[in-house]
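Q: One structure, pasted below without further comment.
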Amino acid sequence: MSLLGKQRSILPGFGLSLGFTLAYLGLIVLLPLSAAFIKTAGMSWDDFVAAVASPRVLASYRVSFGIALLAGAVNAFFGLIVAWVLVRYTFPGKRIVDALVDLPFALPTAVAGIALTAIYARNGWAGGLEPVWAGGVAWLGKFIPSAPWADWLGVKIAYDRPGIFIALTFIGLPFVVRTLQPVLEELEPELEEASASLGATRWQTLRKVVFPELLPALITGFALAFARAVGEYGSVVFIAGNQPLHSEITPLLIITKLEQYDYRGATALAVVMLLASFVLLLLINLLQKWSRRHHAV
């Protein structure tokens, strides 16, 4: 009879552990999230659209998602370089540099926001970069004069959109580096040597041998950094300036509505951000599945 029955696990207690897991996730994750949907369900469709599609809210979406996308792209580029250096080269202080990559994970986000504000404010250590940034924005506007570059990018660093970009880049870099490092460690240097011995240039080796192997992990790291940046609050609120219709992020707008006792409006925005997070998590899981298939082949 035991041979015909289903195979038992070596470790007992599957039913009990599964029940505990589902109960724990239900109480800690599903119950609080479902409360936002239940609260929003009491709104009419017109009220919901008015709460999540007003000009101020749409501007906050553009800031949150637009700058998060830009920060994720920058982290994908520089995170690849940082991971490559940490894996392929040996140099004094390598362990310290490797530990510094995880600093945004360990540092409280509010502390990071205050530190970045103190550095990039006009009277801070890097405050002298503001004229350089303003000059760069003006130079860019000469090539694309029809686009409102100066208005969207801003001419200041702290208390403007460039400050948000710096904060989101700071908190997103570890996701790209830590996603790429295991893949780089498994990538044998002999592949590059074989490519060079067959007459390929360094650029051809990078483009046809190395980069295809790193692409799935690079996309996954970018998606993780982007998803983390979309919902960031603590490190951004101090350096953003929080100007409505210009440098106000969606998480801050949710807090503002709560302070104004507009609970339905806050939960409506929370539902929109939750749905966006679910979509991002789905995409990340699909990318990870594709990455596993890619390496299996």
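Here, each number is a calculation from the coordinates, and none is a lab measurement. Please read these numbers as outputs of a predicted model, since none were measured by experiment. We place every Cβ from the backbone using ideal geometry, glycine too, and count neighbours over all the protein chains shown.
Q: Which shape class, rounded, prolate or oblate, goes with segment 9-74 when its Cα gyration tensor gives a ≥ b ≥ c as root eigenvalues, a/c under 1.5 marks rounded, and past that a/b bigger than b/c marks prolate?
A: oblate
Q: In addition: Using +1 at the C-beta of Lys and Arg and -1 at the C-beta of Asp and Glu, which of Ala106, Met43, Ile119 has the Cα lying farthest in the positive direction of the dipole of segment 14-119?
A: Ranked along the dipole, the leading option is Ile119.
Q: Please give, to one decimal in nm, the separation of the simple spin-label points placed at Ser17 and Gln243, each 7 Å out from Cα toward the Cβ.
A: That separation, rounded to one decimal, is 5.5 nm.
Q: What distance in nm lies between label points placed 7 Å from Cα along the C-beta direction at Arg202 and Ala106?
A: Inter-label distance under the simple model: 3.4 nm.
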